[in-house]
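Have a look at the structure below before the remarks.
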Amino acid sequence: MASLPEAVQKPVTLGERVRAARHALAMSQAQLAGDELTKGFISQVEAGLVRPSLRSLQIIATRLGRSLDYFIGDESLAGAKRRVFHRLAAQAAIERRDWPSARHEAMAALGQQAQGPERATLLRYLAAADAAEGKREQAFERLAEAMSLVDANSDATEVAQLLAARGVLYVEHGQLAAGAESLEAARDVMEQREITDPRLRARTLVHLGTVYRRLHRTVKALATYELALAVASRSSELRLAAQSYMGVAVALYDAGELDGAIVDVLRARITLEEGDADGALRLAEAAGERLAELGDQRQQADALRVAAAAAHARGDYTASDEAYRKAIELLASIEDHPDLSTLAAEYAQKLRARGDLESAFAYLELARDPAASRPES
C-alpha cells in the first residue's frame, strides 16, 4: 500500500514535527535558522541526525509559533529535561510579557515534580504572571512559598530575585516602606554574596531609587540612580540606563535643584567609560562651568574629577593635574572628607601610572587622612 503524502501523514519524531510546522508556515530552512542557527543544522534536525539543545529547540519553537509540548510530547525525555524545556519557555514568555504562555509553561514544569530552587524560580514566574493579571494576593503567596524553598548561602541569586520581585509588588500596590525594605534586602544579598548579574543589580537599583524618590529621600534616590546608571551602562542595558537618567532628573526636580549640568556630569562619566575621552572632556568642562556659576562646589568637584580623568586618558597630563588639584581644593574647602579621600586615591593611582611616585605617595597620604593639609602642587 502506498504511503500517505507527507502533508497528511501525522508527524511522529521531533525532526518530522519541525519540518511539518515549518512547511505549514511556508518557511525555508534558512528562514527558520535565522541568525542564531544554520540552515545545515535545521536540515540535520529534520532528518533526525542531531538532537537540538534546549536553547536551540526553544529558538525553533518560538520561531514556529509552537509550544515545546508540540515537539517533545511523544519523545522519551526524562522529567528533568522536560522541566528545563518548560522553564526556558516560561522565561522566554516573561521576557516578551506573554503572561498566558508564561503561566502555561511554568505550570507544565511544576507538573514535572520540580523541587527546591527550581520550584522557587517557577513560582516566581507564576507570581509575575499573577501580578500582571491583578492577582496580588496569589502573587504574594507564591513568592512566600518560593522564599521558603531557598537559602541565601546556596541560592543567593534566586533569593535576590525573589526579594526584588516582592519589593516591586509592594511598591506597585502603594506599600512603599515595605517595598524599600525588600529591595534593600535584595541589594544587600547581591553585595554580600558578590552576585555580579548586572541586569538584576541595575533593575533592582532603579526600582529602589524610585521608591526613595517617592518617599522624598532625594539624596538616597540620586545616589541609587547614579549607581544603577553606572551598572546599566557598563552592561549595555540601554533601557535601564535611560530609566536611571530619567530618575536622576526627576529626583533633582523633586529637590528643587533641576539642572542639566549634574546629569551632564553623569553622561560624561559614561562617555569616558565607553572610550570617548574627547566627548567626556567637553561634557565635563561645560558642566563644571555651569556648576561653578550655581555655586555647587561638591558637584563642581565631581565635574572636575571627570574632566581630569578624561584629560589623563588623552595624555594631557598638565590639564589633568590642574583639574584634579582644583577638585581637591574645592572638596577640602567644604570639608567633604569622604569624597576628598576617594579623589586623592584616584589621583595617586594616575600619578603612579605615570611614574611620579613621590607625588603619588603624597596623595595617598592625603587619601588616608583627608583632614590633613593638601600636598604641595
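Observations
- Checked against the criterion of being under 20 Å from Ala127 (Cβ atoms) and not basic (Lys, Arg), the candidates Ala165, Ala202, Ala221, Ala177 yield just one match: Ala165.
- Flag for Thr157 being buried (at least 23 other Cβ atoms within 10 Å of the Cβ), in contact (Cβ under 8 Å) with a residue 24 or more places away in the chain and among the polar types (S, T, N, Q): no
- Residue match in region 89-96 (condition: surrounded by fewer than 18 Cβ atoms within 10 Å (Cβ to Cβ), part of a loop (DSSP other than H, G, I, E, B), modelled with pLDDT of 85 or more and out of contact with any Leu (no Cβ under 9 Å at 6 or more places or on another chain)): no
- Beta carbons closer than 8 Å, at least 6 apart along the sequence or on distinct chains, pair a first residue in region 328-355 that is more than 10 Å from Arg298 (Cα to Cα) and touching a residue at least 40 places away in the same chain (Cβ under 8 Å) with a second that is in a helix (DSSP H, G or I) and β-branched (Val, Ile, Thr) for Leu343/Ile328.
- Residue selected from region 97-129 under the condition modelled with pLDDT under 95, charged (D, E, K, R) and closer than 25 Å to Ala152 by Cα, by the criterion farthest from the chain's Cα centre (by Cα): Arg119
- Unmet criterion (only one of (1) surrounded by 22 or more Cβ atoms within 10 Å (Cβ to Cβ); (2) closer than 26 Å to Ala307 by Cα; (3) modelled with pLDDT of 75 or more) for Leu205: (2)
- Restricting attention to region 21-40, the residues that are farther than 15 Å from Thr62 by Cα and either of a type in the set (Lys, Arg) or surrounded by 18 or more Cβ atoms within 10 Å (Cβ to Cβ) (or both) total 1.
- Matching residues, region 321-338, being among the acidic types (Asp, Glu) and closer than 16 Å to Ala307 by Cα: Asp321, Glu322, Glu329
- Pairs where the first residue, in region 60-72, is over 16 Å from Ala30 (Cα atoms) and the second is of a type in the set (Phe, Trp, Tyr) and modelled with pLDDT of 75 or more, C-beta under 7 Å, 6+ apart: Leu68/Phe85; Ile72/Phe85
- Odd one out for Tyr245, checked against (1) modelled with pLDDT of 80 or more; (2) out of contact with any helix residue (DSSP H, G or I) (no Cβ under 6 Å at 6 or more places or on another chain): (1)
- In region 173-188, the condition of being of a type in the set (S, T, N, Q) and at pLDDT 95 or above is met by at least one residue.
Results for (1) at pLDDT below 90; (2) crowded, with 18+ Cβ neighbours inside 10 Å, shown as yes or no for each residue.
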position: Ala310; (1), (2): no, yes
position: Ala313; (1), (2): no, no
position: Asp316; (1), (2): no, no
position: Leu331; (1), (2): yes, yes
position: Asp339; (1), (2): yes, yes
position: Gly355; (1), (2): yes, no
position: Phe361; (1), (2): yes, no
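The values are calculated or read from the model by the stated rules, or taken from the named source; none is laboratory data. Computed from a prediction, not measured in an experiment: that's the story for all the values here. Ideal geometry is used to build each Cβ from the backbone, glycine not excepted, and the neighbour counts take in all protein chains shown.
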